[in-house]
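K.L.:
First the structure, which I've put down as structure tokens, then a few questions once you've had a look.
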Amino acid sequence: MDTGSLLIIIPARGGSKRIPRKNIKEICGQPMIYWPLMELSKKFSSNQILVSTDSSEIISTVEKKGIKIPFIRPDSLSGSFTATFPVAAHALAWFEKNVSIMDYVLIVYPTAVLLDINDISSAFSLLNHDNDCDLVMSATNFAFPIQRAVFQNNEGYAEMFEPENVTTRSQDLTEAMHDAGQFYLFRSGALRNEKTLVDLNVKLKLLDRNKVVDIDTLEDFGIANAKMKMLALDKRDFNWNFD
């Protein structure tokens, strides 16, 4: 696969309410968005990366590392309920109108502090070997069988979502996975047409749970910080810039 025909989109909204300035809040001594950008710099050039943001502070932070941000994300795509794929479709449309038509789009979250460039290479291989595949997404397995999940009913008692599986051995249950919140690798046509996951042929690039963290709360920052130190990511040299 020719990675030169790939556009990388980083959706980095500035208006997080739970964690103000979330995408540039420091983690292991650096703005969070720097971690996935540094990993991407191992394989890709700055002209392949498009950061979609509504924040002048994020623009200033990112441009210090050699990435130019050519537009401000419109207000209509900057709300707290705006989904990722419409934001990415807007960025792709801008790029293809102003720069070049692309064959592939890689969406990487600014919270993907444990991103590994080798996982992205593996995702390319998955997509390249299946012409019917529209998207490869990062995923990981649930730590516990979801068929045994319980909830609290209106009377305050525990109730199983799938009571028919109460006696089924865990090894006989289908293993369930979930979105790892790191990246999506698209054939650009699928994103250009703004299809949803349920409309696409999706393959999973499975990641070890130790390489996955969802950063939504301050507690999550602590968990991510601990995982980064466990993987020795905090020892990296940050004297880097994109070409």
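K.L.:
Quick one: 90, 129, 178, fewest Cβ neighbours within 10 Å first, how do they rank?
P.N.:
129, 178, 90
K.L.:
Let me ask something else about it. For the chain, the longest stretch holding no GluC sites (Glu not before Pro) located in a DSSP loop with at most 12 other Cβ atoms within 10 Å is which?
P.N.:
Longest site-free region, per DSSP loop and neighbour criteria: 1-154.
K.L.:
Most fluctuating residue of 225, 118, 47 in a GNM of the chain with Cα springs under 10 Å: which is it?
P.N.:
Evaluated over the chain, the most mobile residue of the options is 118.
K.L.:
Among 33, 107, 72, determine the one that fluctuates most according to a GNM of the chain built with springs between C-alpha atoms less than 10 Å apart.
P.N.:
Evaluated over the chain, the most mobile residue of the options is 72.
K.L.:
Also, I was wondering about something else. Enumerate by residue number the trypsin sites (Lys or Arg not before Pro) in the range 133-202 meeting two conditions: DSSP loop (anything except H, G, I, E, B), and at most 11 other Cβ atoms within 10 Å of the site's Cβ.
P.N.:
Qualifying residues, ordered by number: 169.
K.L.:
For the range 1-42, with only Lys/Arg (+1) and Asp/Glu (-1) charged at the beta-carbon, what is the dipole magnitude about the Cα centre, in debye rounded to 20?
P.N.:
Dipole about the Cα centre, nearest 20: 400 debye.
K.L.:
Can you find, among 24, 46, 9, the residue sitting farthest towards the positive end of the charge dipole of the range 1-59, where Lys and Arg contribute +1 and Asp and Glu -1 at Cβ?
P.N.:
Farthest towards the positive end: 24.
K.L.:
Can you give the helix-only mean residue ellipticity at 222 nm for the chain, where every DSSP H stretch with n ≥ 4 adds -39500 (n - 2.57) and the sum goes over all residues, rounded to the nearest 500 deg cm²/dmol?
P.N.:
-7000 deg cm²/dmol
K.L.:
Name the most mobile residue of 54, 214, 199, meaning the one with the largest mean-square fluctuation, in a Gaussian network model of the chain with Cα contacts below 10 Å.
P.N.:
199
K.L.:
What full-extension length gain, to one decimal in nm, is calculated for residue 216 and residue 231 as 0.36 nm per residue of separation minus the Cα-Cα distance?
P.N.:
This chain segment gains 3.3 nm when fully extended.
K.L.:
Of 166, 154, 60, which is farthest on the positive side of the dipole of the chain, counting Cα position, with +1 on Lys and Arg Cβ, -1 on Asp and Glu Cβ, and the Cα centre as origin?
P.N.:
Highest projection toward the positive end goes to 60.
K.L.:
Only four residue types carry charge here, +1 at the Cβ of Lys and Arg and -1 at the Cβ of Asp and Glu. Report the dipole size of the chain about the Cα centre in Debye, rounded to the nearest 20.
P.N.:
840 debye
K.L.:
If each of residue 82 and residue 144 carries a label point 7 Å out from its Cα toward its Cβ, how far apart are those two points in nm?
P.N.:
It is 3.7 nm.
K.L.:
Sticking with this one: So, with +1 on the Cβ of K and R and -1 on the Cβ of D and E, and no other charges, what is the size of the charge dipole of the range 133-210 about its Cα centre, to the nearest 20 debye?
P.N.:
460 debye
K.L.:
Stretch residue 101-residue 158 to full length: gain in nm at 0.36 nm per residue minus the Cα-Cα span?
P.N.:
That works out to 15.2 nm of additional length.
K.L.:
Now, a different point. Give the calculated FRET efficiency between residue 167 and residue 198 to the nearest 0.05, with a Förster radius of 35 Å applied to their Cβ-Cβ distance.
P.N.:
E(calc), rounded to 0.05, equals 0.65.
Every number in this text was worked out from the coordinates using simple rules, so none of it is lab data. Keep in mind that what you see is a predicted model, and the values were worked out from it rather than measured. Reconstructed Cβ throughout: ideal geometry from the backbone, glycine too, with neighbour counts over all protein chains shown.
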